[in-house]
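Worksheet: one structure, shown below.
The values are calculated or read from the model by the stated rules, or taken from the named source; none is laboratory data. These numbers were taken from a predicted model, which means no experiment stands behind them. FYI the Cβ positions are ideal-geometry reconstructions off the backbone, even for glycines, and counts take in every protein chain you see. These accessible areas exclude ligands, DNA and RNA; they are computed on the full protein's heavy atoms, side chains included. Shrake-Rupley method; radii C 1.70, N 1.55, O 1.52, S 1.80 Å.
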Amino acid sequence: MNGTILALAPMAGISDWPMRTLCAEQGCNYTTTEMISAQGFITAPDTLRVYQYLLAVSPDEPRPVAQIFGHREDYLSQAAARLSDTGLFSGIDINMGCPAQKVVTSGSGSAMMRDLPGCARAISAVRRATGLPVSIKMRLGWDAEHICAVELAKIAEDCGADLLTVHGRTRMQQYSGKADWEQIARVREAVRIPVLCNGDITSAETALEALRITGCAGVAIGRGALGNPFVFAQIAAALRGETAALPTDAQIVATAIRHGKMMLAWKGEHSAVLEMRKHLCWYIHGKRGAARLRTRITAVDTMQEVFDLLEEFLSLQNSEPDQPA
Ligand SMILES: Cc1cc2nc3c(=O)[nH]c(=O)nc-3n(C[C@H](O)[C@H](O)[C@H](O)COP(=O)(O)O)c2cc1C
């Protein structure tokens, strides 16, 4: 891939095709599906709807990378092979960073970082199973006493991985504290394959700073893209030495409406509205009247109500500020 990689970080329940499409339109050039259990995918009946949803790819989006999690090489490699055969994906990413209790209890996600020989076996097995690029998503280590990102990065490179995404926190930190970009720089220096810097990148300024500190091939953005696919256009502009204007309220509303329409066409009204409730809160976050609208957003039942609320939000932004009493 030419130029800086601007990636949407995988997010369970969020990085589905509507979200990926909206981010790609804004200049995101690397997307990943939400995580898929390798074992679940291999052992579930083909018709199981959850996998049809998790793996849905739009013909209008650039092909995403499929992310798998699990700790058994046999399931990981079979899942990698089957996902590759679909022709829908541009790569296979192995999740070695998820901190969720139910994932680490089975030895998957960030728990893999406690067993580096196991990581080597898993990466090698996936490497053998697919002709697509293989990438690894990791954290710095299990906890502050067991930082092993550099070691794992070298192992991954030796086992044939093509790219690494490093979230600059340990598993025990979960999402607290601040992502340590200096440690990500150490990982980047230790390998020749591209490394994406991840954690706390939410704007053009933070992206440039993370790239300066780490020298990484790109950045991966998770929470900073929630309700804000525009962040990719802002970073792309900053990399060209330009300043992109912040999105107008009308642009935000138009994007949220398109998001809702894609969800509706895909999931039907009930599920689409439930999904859009959270996205709406993110789209209007920090804006005038957002707190009041949020309470009503949690109660919307139809997509028309979603669109009406967005129109109301827009008129509120355009109205005169309240006069002090
Ligand atoms: C709601 C949510 C879901 C996530 N799901 C995944 C996932 O499925 N796979 C994964 O590798 N990381 C997942 N992550 C972690 C993100 O990819 C990313 O590493 C983390 O949020 C730090 O980046 P950020 O500060 O840009 O959000 C998730 C994070 C959030 C907030």
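Cβ-Cβ contacts under 8 Å between residues 6 or more apart (or on different chains), taken from a first residue in segment 8-26 that is at positive phi to a second residue that is in a loop (DSSP other than H, G, I, E, B), are listed as Gly13/Glu34. Among residues of segment 29-41 that are farther than 14 Å from Met11 by Cα and open to solvent by 30 Å² or more (accessible area, probe 1.4 Å), those with a beta-carbon under 7 Å from a residue that is assigned to a helix (DSSP H, G or I) and away from the ligand (no atom under 12 Å from the Cβ) at least six positions away or on a different chain give the pairs Gln39/Tyr75.
Could we say that Ala156 is of a type outside the set (Phe, Trp, Tyr), more than 12 Å from the ligand (Cβ to nearest atom) and either assigned by TED's automatic domain parsing to the domain that holds Asp115 or farther than 18 Å from Pro99 by Cα (or both) here? Yes.
Per this entry, Trp282 is not counted among residues that are open to solvent by 40 Å² or more (accessible area, probe 1.4 Å), among the aromatic types (Phe, Trp, Tyr) and either assigned to a loop (DSSP other than H, G, I, E, B) or more than 16 Å from the ligand (Cβ to nearest atom) (or both). Each residue in segment 46-89 was checked for being open to solvent by less than 40 Å² (accessible area, probe 1.4 Å) and assigned to a loop (DSSP other than H, G, I, E, B), and 8 of them qualify. Comparison of Arg188, Arg192 shows that the only residue that is under 21 Å from Leu239 (Cα atoms), open to solvent by 60 Å² or more (accessible area, probe 1.4 Å) and charged (D, E, K, R) is Arg188.
In segment 60-72, the residues that are touching a residue at least 60 places away in the same chain (Cβ under 8 Å) reach residues that are of a type in the set (D, E, K, R) and within 11 Å of the ligand (Cβ to nearest atom) with C-beta atoms within less than 8 angstrom, at least six apart or across chains, in these pairs: Val65/Asp93; Gln67/Glu34; Gln67/Asp93; Gln67/Lys137.
Return a yes/no flag: does segment 90-98 have any residue that is touching a residue at least 24 places away in the same chain (Cβ under 8 Å), more than 16 Å from Ala129 (Cα to Cα) and open to solvent by 60 Å² or more (accessible area, probe 1.4 Å).
No, there is no match, as no residue in segment 90-98 is touching a residue at least 24 places away in the same chain (Cβ under 8 Å), more than 16 Å from Ala129 (Cα to Cα) and open to solvent by 60 Å² or more (accessible area, probe 1.4 Å).
If you go through segment 152-168 and keep only what is of a type in the set (A, V, I, L, M, F, W, C), in a loop (DSSP other than H, G, I, E, B) and open to solvent by 10 Å² or more (accessible area, probe 1.4 Å), you end up with just Cys159.
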